[in-house]
Each structure stands twice: as structure tokens, then as C-alpha cells.
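The values are calculated or read from the model by the stated rules, or taken from the named source; none is laboratory data. Computed from a predicted model, the values in this text were never measured in an experiment. Ideal geometry is used to build each Cβ from the backbone, glycine not excepted, and the neighbour counts take in all protein chains shown.
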Amino acid sequence: MRRGVWLMLFILLPTANLVHADSHPFNFYADEEIVIHPEETVSFRIAWQNIADDERHFLIETNETKSGITITDLPTNWTRVASGRLGEMEFNITADENISYGVHTISIDIKCQEDSDWLATKEIDVVVSRWSNLLFGANDGSSFYVQQNVNTSLAVNLTNYANYTDNVTITMDTDSAWEYGFIGDNNGDKALDFEIQNDSEIYVYFYIQTPPIVDGAPLAGTGPTFTLRAESGLDKRVESWTFSLEMQTFRNITIDFAEDDLILDPGDDGRIQVTLRNNGNVDIYLDTTLSFPGIENADRIEVDGWTAAIFNAFDLISLAPNESRTIEIGFDSPNVKSSELNLTLIANPLNFPQRSETVNLASRIQVNQMGEIELNTESCTSVNVGEVCQQMIKIQNNGNFYDELRLEVIDEYGMNFEIQSEYVGLSRNQQSSEIPLNLSTIDGADGYSNAEATIQLVNVDGLILDSISISSYTAPYVNWVWENSQSAVNNGRIEVLMTLRNEGNIVDGLIVKMSSSYYTEMSFIPPNNAIFEENNDKIRSFEIIDIDKGSNFTFRGWAELPDDQISSDNFFLNITANSRLADDKPFIYTSNSSFDAADKSVKSSDSIVSSVTELLSNILSIIWAWKFIIFAIILSGLIFNKAINDRNARKEKMAIQNITTQNGNNNDNWMEDFNKKKQPVPEIVQSPQIPSEAFAGMFRASSKPTELPAQPVDARLVSAASTVLDHHDIKSVKSQIDDLTNQISQGEVSQPHSANVKLPNDVVQVTDRTVPKQKSDPPPMFNLDDLDL
């Protein structure tokens with residue numbers, strides 16, 4: 001009833017604020033009916049809300065009552081309620097013993113202290129009823145084991161002991177979502193009405209539909225609670241019977257996931273993952289096997305070179321409801337080119353093969369034919385004319401099975417490419433030894449002409465596994481030939497005529513130089529298209545360019561024979577030609593001729609004076625060129641001399657100070673005063689020696705005679721003495737306790753001393769006898785020797 005009042009109060013609360021305070025200062029809520037029995041007192045609740053803008057006071061008074069009905073416990077004072085506040089109060093209604101059965105209407109008045117014109121009257125129907133006495137034939141707390149996904153029918157008897165006929169309404173109350181209903185509920189309102197005579201009983205038939213077990217719920221031994229309610233038509237009293245349903249154990253398993261077919265290399269292994277889940281409501285142990293036609297089921301089978309086994313099943317570890325476990329099915333394939341294995345995985349709870357689940361698994365071998373060409377790209381970038389360059393190539397079988405491979409050359413141009421074409425057998429991931437690829441130039445090919453070819457890797461089935469491109473070029477070939485060369489001596493000159501021809505494979509040019517064994521006048525007469533230094537009548541070198549291969553050119557040259565030598569000799573004229581493309585390979589032509597010695601009539605014109613003058617001039621020039629360095633050396637020497645003199649003076653001053661300190665009193669050596677002997681040391685007097693036998697005899701003569709040990713005390717006497725002593729000790733302790741108790745009872749209780757105050761909590765305890773201080777090292781002194789400079 002109380003919850004109903006509060007529910008009504010909160011429903012009407014939004015609209016209550018719309019009422020103005022001058023018309024309705026309060027909203028009151030109360031039940032319109034109450035059931036009571038003769039000679040019974042029941043409490044009646046009334047709730048209120050102040051909807052005014054300020055506080056209000058109200059008072060509840062009895063307006064009208066009936067004979068035999070008494071209202072008590074109403075407040076006699078005004079009740080204060082703040083603006084917008086809610087509240088409730090209770091008062092009692094009592095029915096007399098002889099009151100008549102039926103409905104009696106009473107009323108109460110509610111007044112507002114601030115608004116004397118406002119008055120609210122509440123009428124209450126008091127239903128005076130006979131006592132009902134309904135009783136179910138089962139006790140609360142009953143439980144029933146039920147299976148999943150079944151319609152469970154139940155029945156219970158209800159007896160009327162009230163001595164009156166009673167009209168009873170049967171309903172069901174539960175917090176679960178399980179479907180339920182009553183047998184005979186034709187209108188489907190989930191309620192039954194019965195008329196039960198005195199001392200009669202009826203049976204209530206109802207059913208509950210149990211849900212299927214999904215994802216491990218409901219667990220075994222768990223289930224919802226139901227309350228069957230029987231409401232009396234006499235006094236609205238409710239008799240209830242509470243029972244619960246518990247699910248029986250249900251073991252089940254599901255296969256939630258299985259990977260796709262496993263693709264393996266020949267002779268390789270792999271695993272397929274399968275996820276199993278306990279879909280029952282109780283812990284289970286897994287029982288998994290593999291099935292293949294013609295072979296007994298087992299967790300490991302071998303067939304046609306294949307091996308399959310179950311991993312990570314953990315059959316000794318239980319699986320909780322709705323818990324999943326991923327197991328692995330391993331496959332080990334044979335080392336063949338093509339094969340396949342199909343099998344079935346069977347999974348079920350241990351000892352429950354009727355709840356088994358199966359999934360088909362397969363694995364097959366897939367041959368991958370792959371290969372790779374490995375090439376050293378740094379070799380044979382160019383090929384010389386008339387030579388063969390070898391490019392070493394390796395091939396590798398990157399497939400997953402044995403294969404036979406060979407190399408082919410296609411689309412070649414600009415050069416000759418040759419390679420062996422035999423097949424090479426390679427296992428998986430095996431690499432061959434080096435295979436030579438021969439590159440040679442084509443006759444008549446120009447220098448720097450490009451060449452390229454494609455190398456393909458082909459297996460025995462004709463499948464192209466890899467290909468690479470190899471490029472190179474014909475190296476320039478420099479070859480100049482002295483096609484014609486003539487030399488002759490005419491009028492004291494040696495004259496030459498030369499013709500050179502380009503026998504190389506590329507347009508080239510030459511740089512021609514002239515030299516001789518003696519320094520004389522000489523010159524070239526170059527061809528018309530030559531490049532040489534202008535404004536010089538003596539041409540010692542020239543350059544000629546863009547000479548096509550097979551072309552030639554002609555030039556002349558001369559040199560004066562020496563006529564001032566003191567002896568006869570041979571004169572050599574050397575002509576050197578360097579190619580513009582290969583200057584490290586010169587072409588040399590030499591022509592020679594003899595000459596006679598000259599007359600010794602010319603004397604030297606140099607004198608000693610001229611030699612001395614030249615020497616002094618050279619010395620002055622050197623000094624003037626090094627003037628700044630010489631000045632720096634002299635200045636540095638003066639500075640170093642000053643520093644050394646200052647250091648020597650400072651050392652002498654320090655030595656004088658040390659001598660003065662040693663002559664004075666040095667307090668640092670005060671410990672040495674203790675080593676000085678201030679008085680003579682006394683000599684130790686030697687004591688006389690006494691033999692040990694004489695000393696022992698003197699000791700025995702002066703001591704008393706040896707006494708015999710006393711006899712041990714009787715144990716019974718010791719026990720009696722201990723008992724007497726213990727008795728006196730206990731009596732003394734009890735006497736002290738009695739005196740202390742008397743003092744406490746008389747108020748003579750010891751008080752703490754006035755000086756016994758509580759010490760502060762933030763006291764820092766000093767546990768060291770001395771407080772160490774941080775040592776600070778003095779700053780290091782500057783080295784005064786460094787300041788001399």
C-alpha cells in the first residue's frame with residue numbers, strides 16, 4: 001500500500017506544480033479503502049506535497065466516523081512543510097469487537113494554517129471483513145528439477161479453513177522471462193478465480209515452459225523462483241507459495257569454427273585450427289578422435305604416407321559451460337608431387353557419444369614451381385675486341401619440389417651471347433654452381449656499340465620461371481699504325497715524313513709531341529686540320545681529332561743537328577703520338593743521325609765577381625721573404641726568457657721562506673715530544689724462581705683437609721617444602737590483590753603524573769652522537785708558472 005501511495009504521488013507531481021498556491025496549497029494522497037477485522041487495529045498512511053511558493057502548515061482532524069470505528073494517533077499540532085517538499089504520516093484505525101460486517105465510510109478534514117478558507121476532506125471506506133484462512137498444501141522453498149525446452153506441468157492444493165465460503169483469485173509472480181500459464185485460464189489473463197467452501201480444497205494446475213540451454217545457460221542446478229499467490233475475497237489477504245525450478249545437467253558440444261583446407265608443400269607439415277565450445281550447462285571433458293574410412297578412429301592416423309594427429313585437446317582439463325577451446329589438427333604430407341587427405345574430426349563430451357559433433361577436414365599438396373637467376377652485374381660491362389668475357393650465373397630452385405632447370409638466351413643483338421643449355425636438377429631451395437655466360441664482340445662492330453640479351457630460366461615442363469636482361473657494349477679498340485715513315489738529313493737538319501692510320505673501331509684523335517736527345521731548334525709541319533699553338537713558329541706538339549676508323553693523315557717535322565758540342569755523338573729525334581681515348585698507350589717513332597764536335601775557341605764569360613753578386617742577391621731575397629717569421633721567432637724568444645727569469649726568482653724566494661720555517665717552532669710536530677725521554681726508565685727486577693713441586697706442597701700444607709660430599713636430600717622432603725612455599729606465595733599474592741581491590745573500590749586509583757604529557761608526533765629523533773658536517777675542499781690554486789707568459 002505504501003508503494004502505491006508513493007507511486008501515485010510521483011505520477012501527480014508534474015501536474016501539481018501548475019496549481020497556484022492561493023487555490024490549493026497542498027496535494028494529499030490516500031487510499032480510498034482499507035480492510036479491517038473486528039477487534040483489530042491497522043495503520044493508515046497519507047502522503048502530501050506542498051505546492052505553494054513558501055512553507056505551509058497543515059492539521060488533520062476527524063470529520064466523521066462510525067460507531068465501532070476509532071481513529072487514533074492523529075497529530076495534535078500543526079505540521080510544517082517547506083515549499084515543494086513531500087512527506088507522509090500514519091495513524092491507526094481500530095474496529096470494535098461487535099462491529100457489523102460491511103463497508104463503513106469515515107472522513108477526515110485537512111486544514112491549512114496560512115489559508116483559513118482552504119479545507120480538504122478525504123473519505124475512507126472501511127471494509128469490516130471476516131478473517132480468511134487459506135493454506136497451500138506445500139511449503140515454501142520447494143524446488144523441482146526440470147529438463148531444457150520442455151513444458152513442465154505442476155499442481156498444488158489450496159484449502160479454505162476460514163469457516164466461510166471464500167472467492168479466491170490465483171496469480172503467479174516471478175522475475176524470470178520463462179513462460180507460464182494456468183490450466184483453465186480461458187481468457188489468458190494469467191489468473192484463476194475459485195469459490196472454495198469451508199474446509200474444502202481445490203487443486204491449482206499450471207505449467208512452466210523451460211527454455212533451451214543456449215551458451216551454457218541456465219547452468220545445472222540453477223533456475224528462477226516462482227511465487228503462487230492466492231488472494232482472499234474476504235479480506236484481501238494473500239497466501240503465497242514460493243518454489244524454484246532447477247535445470248538438470250545437460251552435456252553438449254558445438255564446433256564453432258574450423259579453418260579452410262590446408263595447402264602444404266611436398267614433405268611439409270601444418271595445422272588446421274578447430275574451435276570447440278561447451279554448449280551444455282555443466283563442466284565436461286573433451287573426447288576428440290579422427291575418422292578415416294577403413295581405419296579405426298584414433299587421435300593419430302597414418303595413411304598413404306600422410307600422418308594426421310590432434311594437438312592441444314587437453315582432454316584431462318575440464319571445459320566450463322560456454323567456454324571455448326581451440327584444438328589443432330596437424331598434417332604431415334609425403335614428399336610427392338601430388339596427394340590429398342580427407343578425414344573427419346569427431347568431438348563429443350566424454351562418455352556421451354550421442355552428443356557428438358563432426359567436421360570434415362582436408363589437406364592437399366600443391367607444387368609451386370619457382371626459380372631465380374642470380375647474376376653478378378659488375379662483370380662484363382664491356383667486352384674488348386678479340387676477347388671473350390665470362391659472366392658467371394647461378395640458378396636457384398625456389399619451388400617446393402625437385403625440378404630440372406636450364407637457361408636460354410633470346411633476343412640477343414650487338415654481341416655474341418653463348419651459354420650451356422643442359423638441364424640442371426635442383427632440390428627445393430637448392431642453388432646450382434656457377435654457369436658461365438660467354439660474351440664476345442662481333443667483327444666490325446663499332447666501339448661503344450650497345451649489346452643486350454635476355455636470359456630465361458625454363459624448367460623441364462617448358463614453364464618460364466624467371467628472366468633477366470644482360471647489357472654490355474663493345475669496348476673501344478685503339479690501334480694506330482705508322483703506315484709510312486721517312487727521315488733524311490738536309491743542310492744540318494734531320495727531316496721526317498710520317499703517315500698514321502686509324503686501325504681501331506672508333507673515331508679517334510691523336511696528340512703528337514716532339515722531343516730530342518739535345519736541346520736544338522725543332523718544329524712540326526702539321527696537317528691542315530690540326531690544332532696547335534698559334535703565333536709560334538716552332539711547333540713542338542699538335543692535336544688532330546675526329547679521324548674515322550680506316551682513315552689516315554700525314555705530317556712533317558724537322559730538328560737542327562747540334563753544332564756546339566765538344567764531342568761527336570748521335571742525335572735522336574723522338575715523335576710520340578697519344579690517342580685521345582687511351583693516352584696511357586703511346587705510339588713512339590724515333591729517328592737518329594750523327595754529328596761532329598764543335599771548335600773549343602769560346603771561353604766562359606762568367607767571372608767570380610758575378611757569382612758572388614748573384615749569391616748575395618739570393619740571400620737577401622730569402623731574408624726578405626721570411627721577414628715576418630724571423631720577427632716572430634725573436635719576439636717569442638724574448639717572452640720565454642722573461643718567463644724563465646721570473647720563475648727562477650720565485651723559486652729562490654720560496655726556498656728562503658722554507659728555511660725560515662724549519663728554524664722556528666713547528667707545532668705540526670707536537671706528537672714527536674712524546675717520543676723524547678724526560679726521565680730514566682726503571683729496570684725490571686728479576687723475581688726468584690720456585691719449582692712447581694715445592695709450590696704445590698706449600699699450597700697443600702696451608703689449605704684445609706678435603707671434605708667428603710654431603711648426602712643428597714630426600715625427594716619427598718623437597719616436594720613437601722615446595723608445597724609449603726607455593727602455598728605461602730599464593731596466599732601472599734591473594735592478599736595483595738584484595739588490598740588493591742579495596743583501594744580501587746574506595747576511589748584510590750593512581751593518576752598519571754602531571755609531567756607525563758603527550759609528546760608531539762613530529763619530533764625528529766637524533767640518533768647520532770655528533771652531527772656530521774659536510775666537508776668542503778678549498779678551491780685549487782692556480783699554477784703560478786702558467787702566469788709567467
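Could we say that Asn187 is exposed (fewer than 14 other Cβ atoms within 10 Å of the Cβ), over 30 Å from Ile99 (Cβ atoms) and out of contact with any strand residue (DSSP E or B) (no Cβ under 8 Å at 6 or more places or on another chain) here? Yes. Only one entry of Gly447, Gly504 meets the criterion of being outside the structural domain of Tyr519 (by TED's automatic domain parsing) and either within 30 Å of Asn574 (Cβ to Cβ) or polar (S, T, N, Q) (or both), and that entry is Gly447.
When the residues of the stretch 113-145 are filtered to those that are in a loop (DSSP other than H, G, I, E, B) and of a type in the set (Asp, Glu), the one that is surrounded by the fewest Cβ atoms within 10 Å (Cβ to Cβ) is Asp117. Residues in the stretch 240-275 that are charged (D, E, K, R) and either on the phi > 0 side of the Ramachandran plot or in a loop (DSSP other than H, G, I, E, B) (or both): 6 in all. Go through (1) surrounded by 15 or more Cβ atoms within 10 Å (Cβ to Cβ); (2) in a loop (DSSP other than H, G, I, E, B) and name the single condition Leu154 misses. Condition (2) is where Leu154 drops out. All of (1) in contact (Cβ under 8 Å) with a residue 24 or more places away in the chain; (2) surrounded by fewer than 16 Cβ atoms within 10 Å (Cβ to Cβ); (3) among the polar types (S, T, N, Q); (4) under 29 Å from Pro266 (Cα atoms) hold for Asn450 with one exception: (4). Within the stretch 301-309, is there a residue that is part of a loop (DSSP other than H, G, I, E, B) and either crowded, with 17+ Cβ neighbours inside 10 Å or small (Gly, Ala, Ser) (or both)? The answer is yes, given that some residue of the stretch 301-309 is part of a loop (DSSP other than H, G, I, E, B) and either crowded, with 17+ Cβ neighbours inside 10 Å or small (Gly, Ala, Ser) (or both). Of all residue pairs spaced 6 or more apart or on separate chains, those with beta-carbon atoms under 7 Å, a first member in the stretch 465-493 that is modelled with pLDDT under 90 and a second member that is in a strand (DSSP E or B) and among the basic types (Lys, Arg) are Val481/Arg501; Glu483/Arg501. Residues in the stretch 310-335 that are among the polar types (S, T, N, Q) and either part of a strand (DSSP E or B) or in contact (Cβ under 8 Å) with a residue 40 or more places away in the chain (or both) were compared, and the one that is farthest from Thr249 (Cα to Cα) is Asn335. Between Glu534, Glu543, the distinction of being closer than 26 Å to Asn505 by Cβ, acidic (Asp, Glu) and either at pLDDT 85 or above or part of a loop (DSSP other than H, G, I, E, B) (or both) belongs to Glu543 only.
Any residue at all in the stretch 72-80 that's crowded, with 16+ Cβ neighbours inside 10 Å and outside the structural domain of Glu239 (by TED's automatic domain parsing)? The answer is no, given that none of the residues of the stretch 72-80 is crowded, with 16+ Cβ neighbours inside 10 Å and outside the structural domain of Glu239 (by TED's automatic domain parsing). When Leu375, Leu350 are checked against the criterion of being within 30 Å of Phe417 (Cβ to Cβ) and in contact (Cβ under 8 Å) with a residue 40 or more places away in the chain, Leu375 stands alone in meeting it. For Gly399, the stated conditions hold: it is outside the structural domain of Asp304 (by TED's automatic domain parsing) and either in contact with a strand residue (DSSP E or B) (Cβ under 8 Å, 6 or more places away or on another chain) or assigned to a strand (DSSP E or B) (or both).
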